[in-house]
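Take this structure first; my questions come after.
The values are calculated or read from the model by the stated rules, or taken from the named source; none is laboratory data. None of the values given here were measured: they were computed from a predicted structure. Cβ coordinates were reconstructed from backbone atoms using ideal geometry, including for glycine residues, and neighbour counts include every protein chain displayed. Quick note on the areas: whole protein, heavy atoms, side chains included, nothing else; ligands and nucleic acids left out. Shrake-Rupley method; radii C 1.70, N 1.55, O 1.52, S 1.80 Å.
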Amino acid sequence: MALDRFARQRVLPELGEGGQRRLGEATALVVGCGALGTHGAELLLRAGVGRLLLVDRDLVEETNLHRVALFTPDDLGKPKALAAAEALRRIAPDTEVVPRVAHLGPELARELVADSDVVLDGLDNLETRYVVNDACVERGIPWVYTAVLGTGGMTMAILPGKGPCLRCLFPDPPPPGAIPTCAEAGILGPVPAALAAVAAAQAIAVLAGSADLVPGRLLLLDLWRGRVEGTDVVRAPGCPACGRRRFEFLSPGPSAAVLCGGGVQVLPRTRGTVDLADLQGRLAPLGPARLAQGVLVAQIEGVELTVFPDGRAVVKGVSDPARAQALYDRYVAR
Ligand SMILES: [Zn+2]
């Protein structure tokens, strides 16, 4: 066997020739391309995962740069999924990397999970984690839950049918505003890198078909205080998702939602691609409308409307979802 880029990994008894081959045949879905997602995606790519699917709805911001992998100041303002894919292709040009700039709603979650062998959590909100959990449990696809905040975080590989799911651990998402965000509580730069590394190792073990994986092993790390703890989570007998198979988070939700960073996100009612140049032409007579980095930013009626190619929009300058929906219907949906 030639000493290719995976030689030092293939020699591991835990992985071996067979494990490395299975990695190369596998598809991993990384949901969210922030700090956790970029570190995780890079690790899976370098480990030899054959195909990577990326999904993220946001743009690269300067406040992300202290903790992410892959992004540089040149990427500011670009959709995170596209910027991550560009960087990953430079690292491993032979690996198929498929980015999606989109909100991960139930329909898209089902579609992407069905096309994946493992899912890596790089999300910044709990609501979408419950969508991912439902989609993965429904389909029987393993996923690695990871959350970070402040100086630490936690991670657990969820193996449907073999161990607990996210709803066995936390039956319901907390109400909006109950958990501080990274914007409020802060985040230490190395924390997502460390947690993403633990999660990526679990994902690699899943894809390699390792018998050593322990279902329900929740790891908690505090990097500042040097604490690592592990605890065993058991399946909840009445779990709505993995017990009763009621996938409540896969039913369509409200289309307008207040974002934690300010503004309101409005989702399109139908899937498809918006012609942003055409929309720019329609909105330009009403106020400044600028097309850059694949998104349209328009100032209109005292608000800022950012429209993405998938028809999603973020309305800044309003806090009322109904008002945001009305503006969207007036100017974007028609
Ligand atoms: Zn469960």
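Hey, among LEU188, LEU149, which residue is under 17 Å from the mean Cα position of the chain (by Cα) and open to solvent by 20 Å² or more (accessible area, probe 1.4 Å)? Can you show your working first?
On the way: LEU188 fails: under 17 Å from the mean Cα position of the chain (by Cα).
After ruling out the rest, the residue left standing is LEU149.
Give me the pairs: first residue in region 209-238 and on the phi > 0 side of the Ramachandran plot, second residue assigned to a loop (DSSP other than H, G, I, E, B) and open to solvent by 70 Å² or more (accessible area, probe 1.4 Å), beta-carbon distance under 8 Å, and six or more apart or on different chains, which are they?
Hits for this filter: GLY216/VAL234; GLY216/ARG235.
Give the residue, chosen from LEU218, LEU213, LEU169, that is in the same structural domain as GLU25 (by TED's automatic domain parsing), surrounded by fewer than 18 Cβ atoms within 10 Å (Cβ to Cβ), under 28 Å from CYS260 (Cβ atoms) and over 19 Å from the mean Cα position of the chain (by Cα). Break it down stepwise before answering.
Working: LEU213 fails: under 28 Å from CYS260 (Cβ atoms); LEU169 fails: surrounded by fewer than 18 Cβ atoms within 10 Å (Cβ to Cβ).
One residue alone meets the criteria, LEU218.
Mind counting the residues in region 232-247 that are under 18 Å from VAL132 (Cβ atoms) and more than 9 Å from the ligand (Cβ to nearest atom)?
Within region 232-247, residues that are under 18 Å from VAL132 (Cβ atoms) and more than 9 Å from the ligand (Cβ to nearest atom) number 4.
From the list LEU213, LEU207, pick out the single residue that is more than 16 Å from the ligand (Cβ to nearest atom) and assigned to a loop (DSSP other than H, G, I, E, B).
Numbers: LEU207 fails: assigned to a loop (DSSP other than H, G, I, E, B).
Unique residue meeting the criteria: LEU213.
Turning to a different aspect of this structure: Could you give me the residue pairs with C-beta distances under 6 Å whose first residue belongs to region 153-176 and is within 12 Å of the ligand (Cβ to nearest atom), whose second residue is part of a helix (DSSP H, G or I) wherever it lies, and which are 6+ apart or on separate chains?
That search, which allows pairs on different chains as well, returns PRO160/VAL137; CYS165/ASN133; CYS165/VAL137; LEU166/ASN133.
Does region 273-285 contain at least one residue that is assigned to a loop (DSSP other than H, G, I, E, B), surrounded by 11 or more Cβ atoms within 10 Å (Cβ to Cβ), among the hydrophobic types (A, V, I, L, M, F, W, C) and outside the structural domain of GLN325 (by TED's automatic domain parsing)?
no
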